[in-house]
Structure formats: C-alpha cells, structure tokens
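The values are calculated or read from the model by the stated rules, or taken from the named source; none is laboratory data. Remember, it's a predicted structure, so these values are computed and weren't measured experimentally. Cβ placement follows ideal geometry from the backbone for every residue including glycine, while neighbour counts extend to all protein chains displayed. All accessible areas refer to the heavy atoms of the entire protein, side chains included, with ligands and DNA or RNA removed. Shrake-Rupley method; radii C 1.70, N 1.55, O 1.52, S 1.80 Å.
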Amino acid sequence: MTKRTIGERVYRQLLRLYPRDFSDDYADEMTRLYRDRVRGEGPVSVWLALLTDVVRTAPREQISTLGQDVRHAWRTWRRTPVLALAAILTLALGVGANTAVFSVVHGVLLRPLPYPDADRLVEVFEDNTRAGGGPFFRVSLLNYLTWVERAESFEALAAFNGRDFTLTEHGDPERLTGSAVTASLFKVLGLAPIAGRALTPEDEAPGAAPVAVLAESLWSRTFGRDPAVIGRTVPLNGVRHQIVGIVPSAFREIGRTQIGSSGAGQVFVPLPRDTAQSRGNHTLRVVGRLRQQVSLDQARDEMRRLAAQLEEEFPATNRNWSVWIERPQYSMFDPRVRMSLLVLLGAVSVVLLIACANVANLVLARATGRQRELAVRAALGARPARIARQLLTENVALALVSGACGVTVASLSMEVLRTLVPATIPRVNEIRLDGTVLFFGLFITTACGVFFGIAPAMRGARGTLLPALMQNGKGTIGPAHQRWRYGLVVAQTGLATMLVVLAALLLQSLVRLQEVPLGFEPSGVLTARVSPPSVKYPDAAARLQFQRTLLGSLDMLPSIRAVGLMTSAPFAPGVRRGVTVHDAAMTGGSPEAGASALEQIVSPGLFRALGLPLLAGREFGVQDQPGSPLVAIVSQSLARTLWTDGEGVGRVLQFDGRSHEVVGVVGDIRGTDGTARGGSVDRHPSPVLYVPSAQVSQGTISLVIRTDATLQAILPAIRTAVREIEPTLPIPELRPLGEWIAESTEQARLTTTLAGAFAGAALFLTMVGIYGVISYGVGQRTQEIGVRIALGAHRASVLGLVLRGGMTWAGAGIVLGLLGAWSVSRAISSLLFDVSATDPFTFAVIASVLGGVGVLACTVPAVRATRIDPVIALRGD
C-alpha cells in the first residue's frame, strides 16, 4: 500500500468523523479532490488545505451547524477570560516549544538530502573493529581503486579528501576550504554544474593541467557571479588553476557536511592518484550511488566479500580490515547527536502532555460548573452527540487559537535555536519553519484539543438531567469526575518525575565531563592551520626549511613560551591518518600482531607547547634529521597494546614498509579520534604514533603556540613574523585550544540545558496542576469540611486529611514516574559519561524533591481548608 493510498483512506475517514452525518457521496467527492490535489501539490499541501476543501464543498446546513458551534465556543470562553487565557498561554508555550524542537529534528535528521534519488546514496567506510579500532575509518586510495574495478552494487563510487587552499590574487591572501575529489563525484551526487563543466577523468591523469571547480558561494562573493570567470586561471597554493565550472549550492552543502575539512567547501580540484602509497594509508572518504534494485544489505554483503579478498591478497596492510556501508543521513552524525535530538523532542513532548493535563483539569472544572446549562439543552431536545460535538468544538477551537500563538512563539524562537545548536552539527541552516513543520504544529494542536476535550465531551453527552437541574446552577463532583482529575494528576506527576530524573542524569554527566583529565594542559595554548604554497615549497626539504624558519621566528617573540607543529591539534579540525604498526623483533613483521594507531607528524618542542608529559625516553631533537635513523615516539596506550610491560623505548616498529626506533613514550591525550573535527572529551584516548617532521614530510600542518599573552595582544606580532617569512601565506586563524575543547562539549551542554529547562517547566506545571486539583477539591468539599470542624475536628486533622488526599495521588505518580525513568534511562546511556543510567542516588534525590514539590503544592489549599468558617459553610444547606 502506497503512502498516497494510506493518506487517501485516512483523509476519507476524517471526513466521515466530523460532522457525523456527512454522507458517503460527500466523502467520495472529497476523496476525489484529495487525489487530484496530491498529483499537483503533494500530500502535505493537501492536508493543509483540508479545511478549505470542507468549507467549499460541504452541505450548507453542516457549515451552518459548525458555524454555530464556533460562535457559541467564542461566547462561552469569553465569559471566563481568565481561564481561557491561562489555557491558551499554557498550550501556546507547549505547542511552540514542540514545534521549534521539531523544526530542529526535521531540518537536521529527517529532511531528505538535496540530491536526485537521495535514498540510493551511501557512504563507504573501512572497518577495523576486529583489530580493536572502529567501523568508521577513512579509506585507502588503493583499496578504493580496487572497489571501483570489482564492485557491482554501485552505479558509481567517488572519493574525496579535505584540502586547504590559499587564494593570492584578490587582495590579501585568503584561506579557502575545499576538497580534492574524483570526477565520479558529480555522477554519484546526480548534480551538474550551473556553469561550465564538471571534472573529468582526464583531469585526474598525471601531468594534466591544473583545473578547479568553484562553489557558488565563492563565485558570488569573490567574482560577483561573472560568467566570464569560466576559463580564467587563479593561483591556488601558488599554482595557477583554470576554473572550469561552478557547482550549485546543493553540492556545496554536502561539501560542508562531508567533503570540506572544516566549514563549507569552496574549491574542488581533481584528486591525484598516487598509486605508490601504501594500502595502509587511510585518508579518503568514499560515497557511492547504489544501482537500481540493489539494497543496502546486498551492497554490504558484496563489499565484505571484497574486503575478505583484499585481506588474502594483501595481508600486510589489510589484515582484520573489513568494509561498512551507511546512508549519509546517519554517517554524517555522531549517533549521540541523533539520540540527543530525539531525547529533546521526547522531553518537550512530555512538557506538552503535562500542559494538556493541566488544561484538561481546567476544562473539567469548567464543565462541572456548566452541568445545569448542558442539562437544560438536553431537556430541550439536544441529542447527546450534538452536545458532545459542541463541547469538542469549543476545546478544539481553543486549541487552534493556542496553536496559532504557539507557532508564533516557535517562529520567534528560531533564531535563538540556531545560535544554541552547535555549528559542528551538520545541516544547521536547514532549520526553518516550512510546510512540514507547520503541519506538525497543526497536528499536535488538533490532537491537544481532542485530548483535553474528549473527557468533558463524553461527560456532557451522558450526563443525567434531574440531578443537574436540581443543583440550582452548581456543579456536582462524582466518583467518575474525581477519577478523571486525579488520574491526570498521577499522569503528569509521573511524566514530570521521568523528565526530572533524566535531566538530573544528564547534568551529572556534564559535570563529570568537564572534570575529566585531558592528558595535556590547554590553558594558554593557541592553534592555527598553516599551508605553505606548494610552488615555492615543492619538496620535503623546502617545507622543512619553511617550518624551521617559522618556528624560529615565533620562538623569539618574548611572550611565547613554546611553539611546535603537529599534523592536527587535539579537538581541532584536520586530517588524521590511521596506520597499522608492528614490532618486528617480537613478531617478525607478522601482521596478526599489529596495532592500529593515529599518526602525528610533530616538530621538536611540540610536547612542551602542548603540555604533554614525557613518561620515558627522550623527545625529538636536532639529531633527528633527514637521512638519520628513523625514530618514533608512542603514546602510553599504544605501548601497552604492543608490549605487555608497556616499555617501548629501544624497540623497533614497522609501518608503511619502514622501521622506526622508539625513543620515547608520552602520555595519552583525548581529542585525537580519527575524525575530521577532532574528538570528544568522553571518548577514550586513541593510540598515537608520533614521528618527527624532519623525517616525514607534511604540507598543511597545525601550529601550536603556548603563550602568556592574550590572543589580541599576540596576534599582531605573529602576523608580522609570518609576513616576513612568506608574504603570500594567509594570516593564520589563531584560536585558543580551549575553544575547540568547549566546542566538543557543546552538544552535551545543549542537551543538558534544554532538558533541564523542560524539566523545570514540567515541574512547575505539575505543581500548578496539583495545586489546582487540590484547591478545586477543597472548594467542592467546603460543606463537608465545615461539618467536620463544627463537630469538633481539629485543624491539624483537616490539614492532614487534605494533604493525605493530595499526596496519595502525587505519590502514586512519583512511583510510576521512577519506574518509567528506570526503563527509559537505559535508552540514553550513550549520552551519559561516568554516570549509571540507573544511579540509585539520583533516583532517591529526585523522589525526595518531587515529594517536597507535591507537599508544597498541597499545603496552600490544605491551610485554606483549615480556615473554613463552619457557619458560612453550613449556611448553604
């Protein structure tokens, strides 16, 4: 059954539900309209046009009846403006918060990627789980080329790698982000350039003329959307590249989320095929487009078979390596980001349910006072269904007004949400109020109206005439009525308890996350990415000389305590290369005993600049020169993985076909995960292999500066030093390392903050709800309490009577809420750090807090009950 058929059937059933005497012929006519509109506008637009269709084609008498109900609803709510305003504000905040959070979830997680047949796009990773790594490693170039030759599940495969570029022709040198990509990427994404041509396989051939494709944003900002830019040459990293095409914004978008190393991709050049490199060099990201009728599981099975073949053919580099395929909507997100957004959506939904419970209690109280009015209408001949429909219309109309206010609240909060959502989360600019989000707001608004309106509608429809007419305008409170109201108290107390427990667990996790040792001292450390132009520094010797000159110039500045270079600073963007290392002396080079590690190319002085402790051996020094024996330093976790005693100094490691003597062991540091944007504080330190920059060449590299001065004070001196060394080099974008670390915890901080805010709102609404129900109950029992006092009951006994009645139901809600939190908390265990999802201390504290809130909410009406004057109370009899 297709989505269109399902939507058509649901649409038809809704038409037959209200008004109840819509005929089958009318429903058939409306269904035909629905089918015609779907073909032209899509289901969402049609559902939003439901009310228009009904008004246009419904029988006149039904429209007249509906109009009477709406006008009567307006008059009745106008007679109780305070109650109506309280209900509208409560629901508006709930609907607005839900709509705003859903806009984030929809924009980031649910909105399809902007490519043709986006459901056939996948991302391909290498999987090192069997060797103790993870399933989302970057891909070796040679393995990728083998996949292209042998894989049959894909229409095309494409590879890319983040690059930094320096544009030196338009004013000051400008640093641009982008990627080196294979020409097949355009086929994989299904997008054509908006001007010029795409990259071709000929552009990737050795010796081909340098070409580049610009992103539409760079074309607009720098070249004023001049079409004559096609064919021109611009200097990128000192090499003149011919501009052959302009890619659309959708291509740029995937550049931001997947291709670009950091920020939005602005320049794309052909990926060089360096077939001389090792298969163990995992540096590429790979995307593919599945063939028609090929499922994701079929593609996974085929790629696993290919990985097994490569493992047999190349055991030295492919042992224990497999392949994993995932859709980009999932692979571009850390699983915890997805869970965090879903947790926030669930939390704000709980707030809405509690708000609905409060409004339902208000409506029930109001309906009790209207029993005589409803009895008179029934005595004059109104059918029970007609009364129920009127009451339901009143509440749905109130909900729609609240929904309109709620959507306004959501639209006003959009900018705030965009600033709160971390920029590291992909597709942040997709957050907006579109048709789908508005339809969601309309849906939950209508659902709320039905939810809190169905109880009074049912009660009004089956009310008995004689008791209501004999009450002389007063309402009666019976057992069924009490069960509804106290049942709502139990429900909202239980929901609030669940939400507060989860918020407390997240808060504890965030506190412990901020206290975790990083393994280095980030205070006073600045970082920046440096990319010397490849034309002026074409080989390893020239790049090494540039690095030495730069470090020497910066080291002479009086406010700089230490300076160094490394491949990628902890928690900062950069390419992290995974390697497999072996101890040749112990295993004879056997790959079975190898260990996976992240390679870091570092300069002498880097460990002092970073504050990374040396545990054994020595640091790199002037003796580690090109041509001298190859050396390496290992992290403590890598040493323990390779050797049972953890003593690595003097051992010989093999990787990339070369032997390196281990001269030192340093401590483990966090923030070195194998991802483009660094790591997370809550992840265990990855094994790291450090090699000297004098022996291994690296183009783009991270500058690490330890200084006593502020960024504003040191920046002019650094600019001057860089300009003196290389005028064509962009000024490094210095940033405190502490900011990168704080950015890595932004997602956890956002989740905790919003969950705490929602928990506070739920707690407040629950307190108000308990107070309202107990206060209403005291008002209904005024005469009973007056009789008790007249017969000699002590004030304390009256106080205890009211408190026991209220806390019995609140206590039941707390117990149910704790049970619910115990079962639900396991689902968010991935968001917790060093905190048990079922921490008994947290549960006990929250139970006590909720109990105190319940007592506080019951105390005010209980005290008021003790002050009832029995003479006044009994006068009504």
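Going from most exposed to least, what order do Asp172, Asp164 have by accessible area with a 1.4 Å probe?
Highest to lowest solvent-accessible surface, that is Asp172, Asp164.
Could you estimate the translational diffusion coefficient of the stretch 535-579 from the Stokes-Einstein equation, with Rh from the Kirkwood formula over C-alpha pairs, at 4 °C and 1.567 mPa s, in whole µm²/s? Can you show the working numbers first?
On the way: Rh = 12.7 Å.
D, rounded to a whole number, is 102 µm²/s.
Simple spin-label model, 7 Å along Cα-to-Cβ: Asp839 to Arg561 in nm?
3.3 nm
Apply the Kirkwood formula to the stretch 594-741: the hydrodynamic radius equals the inverse of the mean of 1/r over all pairs of different alpha-carbon atoms; give it in Å with one decimal. Kindly include the intermediate steps, with their values, before the conclusion.
Working: mean 1/r = 0.0590 Å⁻¹.
Radius from the Kirkwood sum: 16.9 Å.
Want the number for Ile725 to Ile454: 0.36 nm per residue separation, take away the alpha-carbon distance, what's left? Walk me through the numbers on the way to the answer.
Numbers: separation 271, 0.36 × 271 = 97.56 nm, distance 7.68 nm.
Fully extending the segment from Ile725 to Ile454 adds 89.9 nm.
How many angstrom separate the Cα center of the stretch 404-433 from the Cα center of the stretch 511-530?
30 Å
R0 = 35 Å: FRET efficiency of Leu420 with Thr859, Cβ-based, nearest 0.05?
0.45
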